[in-house]
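Enquirer: Handing you a structure now.
The values are calculated or read from the model by the stated rules, or taken from the named source; none is laboratory data. On a predicted model such as this, the values are computed, not experimentally measured, just so you know. Quick reminder, even Gly has a Cβ in these numbers, built from the backbone with ideal geometry, and neighbours come from all protein chains shown. For accessibility, only protein heavy atoms count, side chains too; no ligands or nucleic acids. Shrake-Rupley method; radii C 1.70, N 1.55, O 1.52, S 1.80 Å.
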Amino acid sequence: MSDPRRYVVIGGGLAGLASAVWLAEAGKQVTLLERRGRLGGRTHAMKADAAEDLPDNGQHVIASGYDHLFRYLTSVGTRQYVAFPHRATLRWPDGRKVAMHTKGWRALRTFTGAHPDSGVLDRIRAAIATTRLGWQCLNQPTDLADLTTEQWFDRVGMPAKAREAVWDWLALGVAAEPVQQESAKILADVLATGIRLGLTHRRPVTIGYPTTDLDTLYITGAQRVFERHGVEVRHRAVARRIHIVDGRVTGVALADGSIVPADAVVCAVPNSNVGGLLDELPEHAEIYAAADKLGYTPIVSTNLYLDRPLGTEAEFEALIGGTGVIDEVFDRQRMTGRGTERAWLYCLTTSGAYAQIHKSSDEIVAEQVELLRRYYPAMASANVVQAQVVRMPKATFSQVIGTHGLRPDQRTSVPTLVLAGDWTATDWSATMESAVQSAARAVDLLLALPSVP
Ligand SMILES: Cc1cc2nc3c(=O)[nH]c(=O)nc-3n(C[C@H](O)[C@H](O)[C@H](O)COP(=O)(O)OP(=O)(O)OC[C@H]3O[C@@H](n4cnc5c(N)ncnc54)[C@H](O)[C@@H]3O)c2cc1C
């Protein structure tokens, strides 16, 4: 007998999209509520008029261990748009550069000796420290949640050159926080997940990227699934409160005063937006307090269009010593095969952008252009055709020391109400995989509900 329940998903980011897609695939009646006029949440494409282009709101990388994300891409038919390069480049301001291998045994060599000035002794020390680090990821010391990543690196004896070349940069990429404030537990948990997945899949976890824009990757395929299964998508539908009567969800109140009837709800909004929605859930105060304490970390992304190539050698390059202004340069020509008739597009990312987030776009671009000149000789004669600065003050929840154990489970005390979103408890940090993994768990909980008599 078909399920008469009405399933409502609140939030059209990756967690909400994946929840709606999988509930629809399971034959459920689904309504998706999104407060904005577009889907995608923190992952979406945006127009760049001067260059007649469709770049993203920020470059997103994808780890090969993102199993749930790949399941989502298979559901929406876009799995083919992810590529995994063999190498990236680490660059120093004086023009020195080193190939960073991302696959196979050569990747191990990168972790231990990527710095151009590393001598044999440095490499041996880095190899020993890396082994200790790996061991402690799997057998975590009890005080790891009380340490910053920097303190943990000191404890395992990670040499300064290995830190400069790879580890500080990697840690910033994992948690979007500088090592001086990032929780060591976050990095350890993500590395442990990577090691576990590497053993399961019998190949090391590596970093990849989308070969198309984020709308094509995540949204248009989902919209096809919605059309096929009759999912109702309501844009500009701002959910205010989930109504619960006698331990069961009955509906979702919207800001316009209307009520969307619901028998089951996936609440897939970020920690910054959950306030008010769960007021009728007995444990709401605890969840709100956790959402508050998790806080936010800023990311600044710039889509920089130049009138000539920058002289990159790989799809993505890390600027060592440039942290705080630009961490990574992504070459969209190499990544997506885009034409260069109008301009060359480089996506610049600054994670943990506490110093940049309040600056004007002009100041940010000027600072970035000056930095690029120190790393890329071709930048001396390049002109900026267009620059789009995307400031995300609440890019992700913060993963600083003191945040361990705060992320709420997808299950609540009301069986027909589940939570999803990158900030809920998963085995990844604040990532797209975390968002989609949380959706898989939330949907599993709803699909396990006893059938309606
Ligand atoms: C610049 C940037 C770069 C990043 N880079 C990477 C990367 O390289 N790799 C990676 O894995 N991750 C990266 N991330 C993180 C990743 O984008 C997020 O973790 C993920 O997209 C979060 O998805 P979500 O569905 O949990 O939340 P969101 O995408 O925020 O979706 C939540 C949705 O809920 C809607 N909403 C909120 N309140 C309401 C309401 N009351 N009613 C209705 N709708 C509501 C919002 O409008 C939004 O659409 C990056 C993030 C940013 C910002």
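Enquirer: Give the stretch 394-446 a look and list any residue that's more than 19 Å from the chain's Cα centre (by Cα) and at positive phi, or say none.
Expert: Across the stretch 394-446, the qualifying residues are GLY402, GLY405.
Enquirer: Could you list all residues from the stretch 1-21 that are more than 6 Å from the ligand (Cβ to nearest atom) and open to solvent by 10 Å² or more (accessible area, probe 1.4 Å)?
Expert: Within the stretch 1-21, MET1, SER2, ASP3, PRO4, ARG5, ARG6 meet the criteria.
Enquirer: Tell me, yes or no, whether the stretch 290-301 has at least one residue that is of a type in the set (Ser, Thr, Tyr), part of a strand (DSSP E or B) and within 19 Å of ASP53 (Cβ to Cβ).
Expert: Yes - at least one qualifying residue is present in the stretch 290-301.
Enquirer: From ASP409, ASP422, ASP427, grab the single residue that is touching a strand residue (DSSP E or B) at 6+ places or on another chain (Cβ under 8 Å), in contact (Cβ under 8 Å) with a residue 60 or more places away in the chain and in a loop (DSSP other than H, G, I, E, B).
Expert: Values: ASP409 fails: in contact (Cβ under 8 Å) with a residue 60 or more places away in the chain; ASP427 fails: touching a strand residue (DSSP E or B) at 6+ places or on another chain (Cβ under 8 Å).
The match here is ASP422.
Enquirer: Ok, one more. Does the stretch 334-342 contain at least one residue that is in a helix (DSSP H, G or I) and closer than 26 Å to ALA15 by Cβ?
Expert: Yes; the residues of the stretch 334-342 include at least one that is in a helix (DSSP H, G or I) and closer than 26 Å to ALA15 by Cβ.
Enquirer: Whether any residue in the stretch 413-424 is of a type in the set (S, T, N, Q) and out of contact with any Lys or Arg (no Cβ under 7 Å at 6 or more places or on another chain) is what I want to check.
Expert: Yes: one or more hits.
Enquirer: Counting only residues that are of a type in the set (Asp, Glu) and away from the ligand (no atom under 12 Å from the Cβ), how many does the stretch 384-436 have? Outline the logic, then answer.
Expert: Applying the first criterion (of a type in the set (Asp, Glu)) to the stretch 384-436 yields 409, 422, 427, 433.
Still in the running and away from the ligand (no atom under 12 Å from the Cβ): 409, 427.
Within the stretch 384-436, residues that are of a type in the set (Asp, Glu) and away from the ligand (no atom under 12 Å from the Cβ) number 2.
Enquirer: Would you pick out the residues in the stretch 205-251 that are within 28 Å of the chain's Cα centre (by Cα) and in a strand (DSSP E or B)?
Expert: Residues satisfying the conditions are ILE207, GLY208, TYR209, PRO210, GLU232, VAL233, ARG234, ALA239, ARG240, ARG241, ILE242.
Enquirer: Now, a different point. Hey, among PRO85, PRO93, which residue is open to solvent by 20 Å² or more (accessible area, probe 1.4 Å), over 28 Å from ALA24 (Cβ atoms), touching a residue at least 24 places away in the same chain (Cβ under 8 Å) and outside any helix (DSSP H, G or I)?
Expert: After ruling out the rest, the residue left standing is PRO93.
Enquirer: Same structure again: In the stretch 296-306, is there at least one residue being under 30 Å from VAL369 (Cα atoms) and either more than 16 Å from the ligand (Cβ to nearest atom) or free of Cβ contacts under 8 Å to residues at least 24 places away in the same chain (or both)?
Expert: yes
Enquirer: Also, I was wondering about something else. Can you report the number of residues in the stretch 7-49 which are modelled with pLDDT under 95 and small (Gly, Ala, Ser)?
Expert: Of the residues in the stretch 7-49, 1 are modelled with pLDDT under 95 and small (Gly, Ala, Ser).
Enquirer: A further question follows. Just to be sure, is SER451 away from the ligand (no atom under 16 Å from the Cβ) and within 30 Å of TYR7 (Cβ to Cβ)?
Expert: Criteria met by SER451.
Enquirer: Does ARG109 count as more than 29 Å from ARG342 (Cα to Cα), open to solvent by 10 Å² or more (accessible area, probe 1.4 Å) and of a type in the set (D, E, K, R)?
Expert: Against the criterion (more than 29 Å from ARG342 (Cα to Cα), open to solvent by 10 Å² or more (accessible area, probe 1.4 Å) and of a type in the set (D, E, K, R)), ARG109 qualifies.
Enquirer: Continuing with this model, one more query. Among the hydrophobic types (A, V, I, L, M, F, W, C), within 16 Å of the ligand (Cβ to nearest atom) and over 22 Å from ILE299 (Cβ atoms) - does that describe any residue in the stretch 366-381?
Expert: No, the conditions are met nowhere in the stretch 366-381.
Enquirer: Within the stretch 335-381, count every residue that is open to solvent by 30 Å² or more (accessible area, probe 1.4 Å), closer than 23 Å to GLY208 by Cβ and hydrophobic (A, V, I, L, M, F, W, C).
Expert: Result for the stretch 335-381: 1.
Enquirer: Given the conditions (1) crowded, with 22+ Cβ neighbours inside 10 Å; (2) touching a helix residue (DSSP H, G or I) at 6+ places or on another chain (Cβ under 8 Å); (3) among the small types (Gly, Ala, Ser), report the number of the one that SER301 does not fulfil.
Expert: (2)
Enquirer: Here's something else I'd like to know. Would you confirm whether any residue within the stretch 70-77 is of a type outside the set (Gly, Ala, Ser), on the phi < 0 side of the Ramachandran plot, near the ligand (Cβ under 8 Å from one of its atoms) and touching a Gly at 6+ places or on another chain (Cβ under 6 Å)?
Expert: Of the residues in the stretch 70-77, the ones of a type outside the set (Gly, Ala, Ser) are 70-74, 76.
This time we only want the ones that are on the phi < 0 side of the Ramachandran plot, so: 70-74, 76.
Filter once more, so that each one left must be near the ligand (Cβ under 8 Å from one of its atoms): none.
The answer is no; no qualifying residue exists.
Enquirer: With respect to the numbered conditions (1) open to solvent by 30 Å² or more (accessible area, probe 1.4 Å); (2) in contact (Cβ under 8 Å) with a residue 12 or more places away in the chain, which one is the sole condition not fulfilled by PHE153?
Expert: (1)
Enquirer: In the stretch 22-73, what count of residues is obtained for those that are closer than 30 Å to ARG342 by Cα, out of contact with any helix residue (DSSP H, G or I) (no Cβ under 6 Å at 6 or more places or on another chain), open to solvent by less than 30 Å² (accessible area, probe 1.4 Å) and outside any loop (DSSP other than H, G, I, E, B)? Don't jump to the end; show me each part of the working.
Expert: Step one: of the stretch 22-73, the residues closer than 30 Å to ARG342 by Cα are 37-62.
Okay, now just the ones that are also out of contact with any helix residue (DSSP H, G or I) (no Cβ under 6 Å at 6 or more places or on another chain), so 37-38, 41-42, 46-55, 57-62.
Okay, now just the ones that are also open to solvent by less than 30 Å² (accessible area, probe 1.4 Å), so 41, 48, 51, 55, 57-59, 62.
Next, only the ones that are outside any loop (DSSP other than H, G, I, E, B) stay: 48, 62.
Residues flagged as closer than 30 Å to ARG342 by Cα, out of contact with any helix residue (DSSP H, G or I) (no Cβ under 6 Å at 6 or more places or on another chain), open to solvent by less than 30 Å² (accessible area, probe 1.4 Å) and outside any loop (DSSP other than H, G, I, E, B) within the stretch 22-73 amount to 2.
Enquirer: Given GLY247, GLY251, which one is assigned by TED's automatic domain parsing to the domain that holds GLU25 and touching a Pro at 6+ places or on another chain (Cβ under 6 Å)?
Expert: The conditions single out GLY251.
So that you can scan it fast, the table gives a plain yes or no per residue for (1) touching a Phe, Trp or Tyr at 6+ places or on another chain (Cβ under 7 Å); (2) open to solvent by less than 20 Å² (accessible area, probe 1.4 Å); (3) modelled with pLDDT of 95 or more; (4) within 17 Å of ALA15 (Cα to Cα):
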| site | (1), (2), (3), (4) |
| --- | --- |
| PRO210 | yes, yes, yes, no |
| GLU227 | no, no, yes, no |
| ARG234 | no, no, yes, yes |
| VAL249 | no, yes, yes, no |
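Enquirer: Looking only at the stretch 1-21, which residues are assigned to a strand (DSSP E or B) and closer than 18 Å to ALA222 by Cα?
Expert: Once the filter is applied, which keeps residues that are assigned to a strand (DSSP E or B) and closer than 18 Å to ALA222 by Cα, the stretch 1-21 yields TYR7, VAL8, VAL9, ILE10.
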